[in-house]
Amino acid sequence: MNFPYKNTNMNFLRYTIKARLRLGFGIVLLFLLIVSMTGLNKISQTNAASEHIVNVNLEKIVLLEQMSDSVHVVSRVVRSMALLTDKAAAKREEPKLVTAREEYDRAFTALKAMPLDAQGQALVRELAALQDTVRPLNNRFLEMAMAGDQDAIMFLLEKAGPATTQWQDRIRSFIDVQRDKSHQDALNAHAAYEQARYLMLGLTAFAMVGGALFAFQISRSITQPLSQAVELARTVAAGDLTTHIDVRADDRTETGALLRALNDMNAGLNDIVSQVRQGAVLLSSGATEIANGNIDLSSRTEQQASALEETAASMEELTATVKNNADNSNQASSTAQAAVRGGQAVGQVVEVMGHIEASSARIVEIIDVIDGIAFQTNILALNAAVEAARAG
């Protein structure tokens, strides 16, 4: 009986169980590494977006707020100095103007040092141009106001004031741009988070499904040949030595080696049983021949015993006759001297006949012993024939 090889996944036949397990754990670790690296990459993107919001956009907004406050302070101080009639009081407002302009310059310098895109650079250039335009107008207004020029108010309302308002509006526009960018960066960070979350969930699900399928393939490639090995062992235990499992020649796995070893063991047991059967047949044939020889020997022994018994009977009759002759000779000894010698001869004959009778008795005993030996030989031959029949 031939069993087909059940390891249907031929890709695994080139690898040992150790290599397959290493490959499986390696793939699982690779999936884990991919998920981890993807998560770290997306977290890094989210962190970069958050840092850009905090360290760039919000910092720009803070600087622009400081610039806007400084412009507002300058505008208020300029109006206050223009409205004060006391020159000394107006002079005391001048340090506030200087301080506000210094704060503006520091904030503007820090803003220009920060990373700016094309839109930001254009706004910075526009603010610098407005600064170069508005500050001389404010200075001119202060000079006119301090000199008591009646046209100072009209100059403020028509030139310096609108220019300052435009400057303030451009700063507010820059702030709005930075807030929009912060909002967009926040949306990008949230999108990166959502993308990372779905991507990691997808990769995790893929890794779990792929790992489960790979584990199933590995377990099946191991358990199927082992099941065949168990089935072969059970058939051998049941006495069926004709079972054989067809193992692929390119199977270099441990299970393939196990199945080949079981096939070799089964073939070896089959050869041993065949040799035992042949020996049993030869033993049975020899026992039959011995039994036939014993039967023939017994028959011949019985014939010889019968002949010896007849000889013994004849010898007994001869002995009786000789004894009668001896008695008659003894009775006739008194009549003739010559008969003495004949009597002596007859006595010798009687003595010889006695020896013959004793020898005949011993022959009878020997025949009895031979009969016993023949009987035991027949029993041994019968036992040998029975054992040979059982072995066959």
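The values are calculated or read from the model by the stated rules, or taken from the named source; none is laboratory data. Source: prediction; values computed, not measured. When we count neighbours, we look across all protein chains shown, and the Cβ atoms used for this are built from the backbone with ideal geometry, even at glycine.
Mind listing whichever residues of the stretch 138-154 are in a helix (DSSP H, G or I) and surrounded by fewer than 19 Cβ atoms within 10 Å (Cβ to Cβ)?
Residues satisfying the conditions are ASN139, ARG140, GLU143, MET146, ILE153, MET154.
Given the structure, is THR133 among the hydroxyl-bearing types (Ser, Thr, Tyr), part of a helix (DSSP H, G or I) and modelled with pLDDT of 90 or more? Quick ask: steps written out before the conclusion?
On the way: among the hydroxyl-bearing types (Ser, Thr, Tyr): yes; part of a helix (DSSP H, G or I): yes; modelled with pLDDT of 90 or more: yes.
For THR133, the condition - among the hydroxyl-bearing types (Ser, Thr, Tyr), part of a helix (DSSP H, G or I) and modelled with pLDDT of 90 or more - is met.
I'd like to check something: does the stretch 230-245 contain any residue that is at pLDDT 85 or above and of a type in the set (Val, Ile, Thr)?
no
Does LYS6 satisfy the condition of being at pLDDT below 80, buried (at least 18 other Cβ atoms within 10 Å of the Cβ) and more than 30 Å from LEU127 (Cα to Cα)?
So LYS6 does not fit the description; no.
Give me the pairs: first residue in the stretch 178-204 and farther than 30 Å from GLU65 by Cβ, second residue hydroxyl-bearing (Ser, Thr, Tyr) and in a helix (DSSP H, G or I), beta-carbon distance under 8 Å, and six or more apart or on different chains, which are they?
ALA196/THR38; ALA196/THR46; LEU199/THR38; MET200/THR38; LEU203/THR38
Identify, please: which residue in the stretch 65-114 is outside any helix (DSSP H, G or I) and exposed (fewer than 15 other Cβ atoms within 10 Å of the Cβ) and is, among those, modelled with the lowest pLDDT?
THR85
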